[in-house]
Structure formats: C-alpha cells, structure tokens
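Q: Structure in structure tokens, see below.
The values are calculated or read from the model by the stated rules, or taken from the named source; none is laboratory data. Small disclaimer: the values here were computed from a predicted structure and weren't measured. Quick reminder, even Gly has a Cβ in these numbers, built from the backbone with ideal geometry, and neighbours come from all protein chains shown.
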Amino acid sequence: MIKDWIDRITLPRDELGNFSVCPFAKSAEYKIIETTGADIDPPPWDFELIIYQLHSSYTEEEVISIASKYNKIYPEMVFLPDPKDRYTEINGVQTNNGEYNIILCQRRDNLKKARSKLLNTSYYSFWNQAYLDEIISQ
C-alpha cells in the first residue's frame, strides 16, 4: 500500500543522519487519486500533497513523460514521477515505493520553502549528486 511506503519514508534513519527520506511527509496532508494519467487536473488546493496512482502497466518512461507533461501545463505545481520499476535511494536507503506507478504533486512554492529549510542542515550531504540534481531541478 502507498500508506506503508509513506510510513517507511517518514522514519528517521541512521544512514541519513537521523533524518527521514522525506522529513516533511509525516505531517503532510495528502490525498491519493487513482488516474489514467490523461485526466490529471489538480483540484482546488486543500492538500499539501496529491499522490496520483497510475496503472501498473505503465513503463518507467511513460510515468516520467506524464509527469513532464503536467509540469509544463501547471508551472505552479511540481509533479515528481515515481515509477514502480525505478529503484532510487539516498545513501543506501530506498526512496521509491517499488510497487506502484505514482506521481507526487505539490505546490512549487511550498516545496521550495521546505527545501530551503533543509539547506541549512546536513540532509542533502547524504544524497548522490546526480539524484540531488534530478530532484532539485523540478
């Protein structure tokens, strides 16, 4: 379940200097929406995070393409793809959910504020540069 993944990424980890994979996920209000990907339309914003769950048959490339499409349509939002078959990690700690094709959607301004809070900590020192560049560039 996606909720199990959220629980996993909110646990503080020794490998990450007692940070969790996503330090703000535990307190975030979120909604999970099942979608084909063709009908993504962020509702009036009353959640910190929307998790769009796509068909399991989509390839990694298709999930990334859908997220890219919506990043162009809604520049005030950030759509981060998490294809089920793409393993990602920070300092050996798995970050992807590994079971579902999902796209995380957040308001760009809120995400930038959260990221700026982490810049004054050691959090990003655990990331490999390529993955950090990929995530921060969104």
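Q: Which condition breaks for L11 when tested against (1) under 17 Å from the mean Cα position of the chain (by Cα); (2) in a loop (DSSP other than H, G, I, E, B); (3) free of Cβ contacts under 8 Å to residues at least 40 places away in the same chain; (4) farther than 27 Å from F126 by Cα?
A: Result: L11 passes all but (4).
Q: Turning to a different aspect of this structure: Give me a count of the residues in region 14-58 that are in contact with a Gly (Cβ under 9 Å, 6 or more places away or on another chain) and farther than 16 Å from K84 by Cβ.
A: From region 14-58, those in contact with a Gly (Cβ under 9 Å, 6 or more places away or on another chain) are 15, 52, 54-55, 58; that's our starting set.
Those still in the list that are farther than 16 Å from K84 by Cβ too: 15.
Number satisfying all stated conditions: 1.
Q: So D41 clears everything in (1) of a type in the set (D, E); (2) closer than 16 Å to N97 by Cα; (3) part of a loop (DSSP other than H, G, I, E, B) except one condition, right? Which one?
A: The single condition D41 does not satisfy is (2).
Q: Further question: When region 14-38 is examined, which residues are found to be of a type in the set (S, T, Y), farther than 23 Å from N128 by Cβ and part of a loop (DSSP other than H, G, I, E, B)?
A: To start, the set of residues in region 14-38 that are of a type in the set (S, T, Y) comprises 20, 27, 30, 35-36.
Checking which are farther than 23 Å from N128 by Cβ leaves us with 27, 30, 35-36.
Result: S27, T35, T36.
Q: Residue under question is V93, and the condition is that it be closer than 16 Å to F19 by Cβ and of a type in the set (A, V, I, L, M, F, W, C); does it hold? Give the derivation first.
A: Numbers: closer than 16 Å to F19 by Cβ: yes; of a type in the set (A, V, I, L, M, F, W, C): yes.
When the stated conditions are applied, V93 passes them.
Q: State which residue is surrounded by the most Cβ atoms within 10 Å (Cβ to Cβ) when the search covers only region 67-106 and only residues that are closer than 21 Å to Y124 by Cβ and charged (D, E, K, R).
A: Applying the filter and picking the extreme gives D82.
Q: I'd like to verify a number: residues in region 86-128 that are of a type outside the set (K, R) and over 18 Å from S27 (Cβ atoms), how many? Reasoning before the result, please.
A: To start, the set of residues in region 86-128 that are of a type outside the set (K, R) comprises 87-106, 109-111, 114, 116, 118-128.
Still in the running and over 18 Å from S27 (Cβ atoms): 87-103, 119-120, 122, 124-128.
Residues flagged as of a type outside the set (K, R) and over 18 Å from S27 (Cβ atoms) within region 86-128 amount to 25.
Q: Identify all residues within region 48-66 that are part of a loop (DSSP other than H, G, I, E, B), of a type outside the set (S, T, Y) and surrounded by fewer than 16 Cβ atoms within 10 Å (Cβ to Cβ); write none if there are none.
A: Selection gives H55 alone.
Q: Which one of the conditions (1) under 22 Å from E89 (Cβ atoms); (2) surrounded by fewer than 17 Cβ atoms within 10 Å (Cβ to Cβ); (3) not aliphatic (A, V, I, L, M) does E34 fail to meet, given that it meets all the rest?
A: Answer for E34: the failing condition is (1).
Q: State all residues of region 107-134 that are within 15 Å of L49 (Cβ to Cβ) and among the aliphatic types (A, V, I, L, M); if no residue qualifies, say none.
A: If we filter region 107-134 for residues that are within 15 Å of L49 (Cβ to Cβ), which is where we start, we get 107-115.
Passing the criteria: L111, A114.
Q: Okay, moving on. So which residues in region 95-138 are among the hydroxyl-bearing types (S, T, Y) and either modelled with pLDDT under 85 or under 27 Å from G37 (Cβ atoms) (or both)?
A: T95, Y100, Y131, S137
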